[in-house]
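Below is one structure, written out as structure tokens; comments come after it.
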Amino acid sequence: MATFLLAALVGYGARSAIGRVYSAAEAVDLLNALSRAGLYLGSAIATASATIIALMLTLVGMIRRMDEDFDHSAYRDVAMVGRLSALTLLVSLFLLMAFALPIGEFEELPPAWFKNVYDGLFAGTVLMVGLSAATVVLIYTTLMRVMIKITPGDDV
């Protein structure tokens, strides 16, 4: 949760640093820049999220085959990683779909529409990054929990 909130705070700071969008032309330029970066970021995060879900299935199978007894918190962490990864994957897919729209081609829309679309896409991007960062931290804590349980001695 702290990781997600930190990413949201950084995103808010970045949006504040960009400042206000005063015209439709500025918004279209910002949207074009955001969509170029967002397409790459969204596809990378979608790929990572799908891979994480597959790896969590492998981890559950590994835990079940081991002789060690894992407490419910280990399984709860794995389930939470799966949920976060699925949610991140869905957000990234919706953002990829939105970024693929030719936004600069919509000339007959009111100027405020472009600002609202930019704010929405920027917020979605921050949400996607925040969920991804939270997933990475949760994967690390889950991995450490499993490693501590299966590693002989106190080396971990």
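The values are calculated or read from the model by the stated rules, or taken from the named source; none is laboratory data. Please read all numbers here as calculations on a predicted model, not as lab measurements. All Cβ positions, glycine included, derive from the backbone under ideal geometry; neighbour counts span all protein chains shown. For the accessible areas, the whole protein counts, side chains as well, though only heavy atoms, and no ligand, DNA or RNA atoms are used. Shrake-Rupley method; radii C 1.70, N 1.55, O 1.52, S 1.80 Å.
Do we have any residue at all in the stretch 77-92 that's open to solvent by 30 Å² or more (accessible area, probe 1.4 Å) and at pLDDT below 75?
There is no residue in the stretch 77-92 that is open to solvent by 30 Å² or more (accessible area, probe 1.4 Å) and at pLDDT below 75.
Of the residues that sit in the stretch 94-149 and are surrounded by 15 or more Cβ atoms within 10 Å (Cβ to Cβ) and of a type in the set (Phe, Trp, Tyr), which one is modelled with the highest pLDDT?
Residue satisfying both the conditions and the ranking: Phe122.
Give me a count of the residues in the stretch 41-55 that are in contact (Cβ under 8 Å) with a residue 12 or more places away in the chain and either over 11 Å from the mean Cα position of the chain (by Cα) or open to solvent by 30 Å² or more (accessible area, probe 1.4 Å) (or both).
Total meeting the criteria: 6.
Restricting to the stretch 54-76, give me the number of residues that are part of a helix (DSSP H, G or I), hydrophobic (A, V, I, L, M, F, W, C) and modelled with pLDDT under 80.
5
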